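Just below is one structure, and these are the notes that go with it.
The values are calculated or read from the model by the stated rules, or taken from the named source; none is laboratory data. All of these numbers come straight from a predicted model, not from anything done at the bench. Quick reminder, even Gly has a Cβ in these numbers, built from the backbone with ideal geometry, and neighbours come from all protein chains shown.
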Amino acid sequence: MTENKKRITVVGAGYWGPNLARNFRASADWELAGICDLDEQRARSVADGIGGAPVTTSLSDVLADPSIDAIAVATPARTHHPIVTAALEAGKHVLVEKPLADERARGEDMVALASERGLVLMADHTYCYTPAVLKIRDLIAEGMLGDILFVDSVRINLGLIQPDVDVFWDLAPHDLSIMDFILPGGLDTASVSAHGSDPLRTGKACVGYLAMPLACGAMAHVNVNWLSPTKIRQMVIGGTRRTLVWDDLNPQQRISVYDRGVDIDTVSKETTLDRRSANISYRLGDTWSPALPEREALAGVAAEFAAAIREGRPARTSGDAGLRVLSVLDAAQRSLAVGGAPAPMILDIQPHRIGRGAAA
């Protein structure tokens, strides 16, 4: 019913804003209060494409309107901090697209302000609401893969070369947010190593490799690339029991679970100079592919944002989750500056509970 819906304005009518507007318009939890963009014609075009919605060029007017409960920010990363800060100070809940901010320190400021004001700050880590990633999270949680040994992620394609960020900041947030969401310990690492190259002489890395040892003992690796003639979106997650392969570009079989590999439990623990004498046993089992429902991930994002506000709790992809991703990117940037040497993580996030009174 309309009286139970929260009212939201989408800020930004560029690439991602139309998708947010369409999903909030269709959501049973939300009333789309308007679309805000400095380019009025662009905002009007988005509004017309979804059957009509109020349009404004003034963010100040949006934030001054007491009937608006929340905003969804789909603007360039460099604008996230001022927009989100102003919204939180105005008492609005905020959903912000990835990355949370363009610097870790600004992300910390946003997370702290949301906690102080008792408001929901949610990162739009859309992949975490896809049926495939939700299924992967469940399979890992129930022990299907056993203890995680490695995560190897590849996200490569031809272009688009971004003018303001390198390939790490453009593509890696997807993979990092997924790892943070599906792994029991999330992005729990002490250091990050990053290597990048700039063959186009753009002044920033166009090809990148990121590696980090996780606290659980697993090794995580991310390959991102703007120069590949082929597009690949794949993640391999190896465990002591099974290995899972997620191929996001294969709609017929996005997830494959392989019951084959080295049987870790039977490997000889004896210390020997002749490694060849170690008793390594290989497991050759079946391959299984779970059936997945087809639904738009952004619908899940909209529903989770509303539920977090209604229940007075952090969202599943909270501001803290967005900050963990920023912290890895920050460490990667520092590692690049010293030729790929491991850079320590800087992360001091205190878990918080959103007050029910302020969030209602």
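Report yes if some residue within the stretch 108-116 is in contact with a Phe, Trp or Tyr (Cβ under 6 Å, 6 or more places away or on another chain) and of a type outside the set (Gly, Ala, Ser); otherwise report no. If you could, list the steps in order and put the result at the bottom.
Just the residues of the stretch 108-116 that are in contact with a Phe, Trp or Tyr (Cβ under 6 Å, 6 or more places away or on another chain), to begin with: none.
No, that holds for no residue.
Restricting attention to the stretch 70-82, and to residues there that are crowded, with 21+ Cβ neighbours inside 10 Å and of a type outside the set (Gly, Ala, Ser), which single residue is farthest from Pro314 (Cα to Cα)? Top of the filtered list is Thr75.
In the stretch 193-233, which residues are on the phi < 0 side of the Ramachandran plot, surrounded by fewer than 17 Cβ atoms within 10 Å (Cβ to Cβ) and touching a residue at least 40 places away in the same chain (Cβ under 8 Å)? Full working, then the answer.
In the first step, residues of the stretch 193-233 are kept if they are on the phi < 0 side of the Ramachandran plot; the result is 193-200, 202, 204-216, 218-233.
If we keep only those that are surrounded by fewer than 17 Cβ atoms within 10 Å (Cβ to Cβ) too, we end up with 195, 197-200, 202, 213, 215-216, 219, 221, 227-232.
Of everything in the stretch 193-233, those that are on the phi < 0 side of the Ramachandran plot, surrounded by fewer than 17 Cβ atoms within 10 Å (Cβ to Cβ) and touching a residue at least 40 places away in the same chain (Cβ under 8 Å) turn out to be His195, Thr202, Cys216, Met219, His221, Leu227, Ser228, Pro229, Thr230, Lys231, Ile232.
Tell me whether the stretch 86-98 contains one or more residues that are touching a residue at least 24 places away in the same chain (Cβ under 8 Å) and within 30 Å of Pro290 (Cα to Cα). Scanning the stretch 86-98, I find at least one residue that is touching a residue at least 24 places away in the same chain (Cβ under 8 Å) and within 30 Å of Pro290 (Cα to Cα), so the answer is yes. Taken residue by residue, the stretch 244-266 has at least one member that is modelled with pLDDT under 95 and aliphatic (A, V, I, L, M). Residues that are touching a Lys or Arg at 6+ places or on another chain (Cβ under 7 Å) and under 14 Å from Leu323 (Cα atoms) were ranked within the stretch 95-134; the one that is surrounded by the fewest Cβ atoms within 10 Å (Cβ to Cβ) is Asp102. Yes or no: the stretch 179-189 includes at least one residue that is surrounded by 23 or more Cβ atoms within 10 Å (Cβ to Cβ) and more than 16 Å from the chain's Cα centre (by Cα). Among the residues of the stretch 179-189, at least one is surrounded by 23 or more Cβ atoms within 10 Å (Cβ to Cβ) and more than 16 Å from the chain's Cα centre (by Cα), which makes the answer yes.
For the stretch 155-178: of the residues being more than 27 Å from Gly143 (Cα to Cα) and aliphatic (A, V, I, L, M), which is surrounded by the fewest Cβ atoms within 10 Å (Cβ to Cβ)?
In the first step, residues of the stretch 155-178 are kept if they are more than 27 Å from Gly143 (Cα to Cα); the result is 156-171.
Applying the additional criterion that residues be aliphatic (A, V, I, L, M) yields 156, 158, 160-161, 165, 167, 171.
Numbers: Ile156: 20, Leu158: 12, Leu160: 8, Ile161: 14, Val165: 18, Val167: 25, Leu171: 23.
Going through the qualifying residues, I end up with Leu160.
Matching residues to (1) under 19 Å from the mean Cα position of the chain (by Cα); (2) crowded, with 18+ Cβ neighbours inside 10 Å; (3) in contact (Cβ under 8 Å) with a residue 40 or more places away in the chain:
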| residue | (1), (2), (3) |
| --- | --- |
| Arg295 | yes, no, yes |
| Val325 | yes, yes, yes |
| Leu329 | yes, yes, yes |
| Ser335 | no, yes, yes |
